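As structure tokens, the structure follows; a few thoughts come after it.
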Amino acid sequence: MKTRTYVALMLTVILILSVGLTALYVHMEQKTTDKEDATVSIVTSFYPLYTLALNLTKDVQEVQVVNMSEPQTGCLHDYQMTPEDMRLLSTADIFLVNGGGIESFLPDVQEEYTDLNIITATSKLDLISEEDDHSLNAHAWMSVTNYRMMVQYVAEELAKVDSDHAKEYMANAQVYDTKLAQLSLTEEQLKKQLNEARVPVVIFHEAFAYLANELGWDVKYCLDLDEERQLSAGEVAETLDMIHGTGTRFILAEATYGSDMGKTAEEETNAIVFYLNPLTRAGDYEGDPADYYLVEMQKNLQLIIQEVNE
Ligand SMILES: [Zn+2]
């Protein structure tokens with residue numbers, strides 16, 4: 001073989017090899033990109049929905065759930081999205097929200113991210129309407145019955161948006177509901193032990209109206225202390241009058257904001273104050289985020305059961 005023919009042959013081999021390798025490389029690149037594209041990104045607006053979504057997406061491949069940065073204190077009302085939240089939403093496929101007006105930033109999100117699938121967990125529920133200003137009480141997750149309905153509804157909506165994983169979402173909803181049914185049993189147990197219908201109660205946080213309703217209790221008055229604020233002497237006097245005048249037995253309060261008024265109420269009246277978790281934030285919870293609702297709601301109920309047993 002002449003040297004020139006040999007060189008030409010070698011060059012051809014190298015050319016074929018490199019073209020082949022490039023094609024292979026491009027093919028592999030495309031595969032990874034396709035895989036990234038296949039990932040469904042779900043962003044949740046706050047903790048009760050984060051927990052819910054984690055349960056529905058358990059062991060579902062190529063689906064990720066991220067919670068928005070949570071407010072440092074109190075409920076989500078008046079929460080302003082951070083630049084990080086905005087970035088997160090710009091890459092999201094699904095935004096899972098509670099609804100009922102608690103996400104005050106929602107209209108802006110709808111305007112900004114027109115392709116975003118927004119699932120509103122409470123959209124099939126009858127929310128409590130506040131007497132004074134007819135606004136909606138959005139804290140529906142505080143009723144186990146409502147929360148179980150939210151789980152079912154969100155699973156159905158996820159199955160519609162991401163039909164590839166429809167069966168898995170529905171199966172996970174079933175598994176989660178079986179666990180939540182235990183909470184419903186605890187509620188039944190509590191009702192039986194109390195053996196009293198329409199227990200008169202006062203609540204120091206709107207959220208507890210749902211728990212009270214669920215237990216069949218009669219909410220006589222709501223002093224909304226879901227954030228740090230100074231109570232006027234008039235408010236304190238009115239609240240104490242309501243507790244006395246309605247024969248209130250229990251007060252449902254959040255320790256963070258309700259303990260000052262709680263102390264006053266226990267000194268001045270015969271009512272018992274229960275400090276409960278409205279489940280709005282992770283706070284110092286350090287367990288598995290997917291078990292947050294199960295663990296913390298069980299704690300709420302056990303606290304009441306213990307007192308009732310004494
Ligand atoms: Zn709230």
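Just so you know, all these numbers are worked out from the coordinates, no wet-lab data involved. Computed from a predicted structure; not experimentally measured. We place every Cβ from the backbone using ideal geometry, glycine too, and count neighbours over all the protein chains shown.
The residues in region 69-98 that are hydrophobic (A, V, I, L, M, F, W, C), touching a strand residue (DSSP E or B) at 6+ places or on another chain (Cβ under 9 Å) and away from the ligand (no atom under 16 Å from the Cβ) can be counted, and the count is 6. Screening residue 285 on (1) under 23 Å from residue 177 (Cβ atoms); (2) assigned to a helix (DSSP H, G or I); (3) among the hydroxyl-bearing types (Ser, Thr, Tyr) shows it passes everything except condition (2). Taking the criterion of being among the basic types (Lys, Arg) and buried (at least 17 other Cβ atoms within 10 Å of the Cβ), the only residue of region 250-289 that qualifies is 281.
When residue 303 is tested against the conditions (1) surrounded by fewer than 20 Cβ atoms within 10 Å (Cβ to Cβ); (2) among the hydrophobic types (A, V, I, L, M, F, W, C); (3) out of contact with any strand residue (DSSP E or B) (no Cβ under 9 Å at 6 or more places or on another chain), the lone failure is (3).
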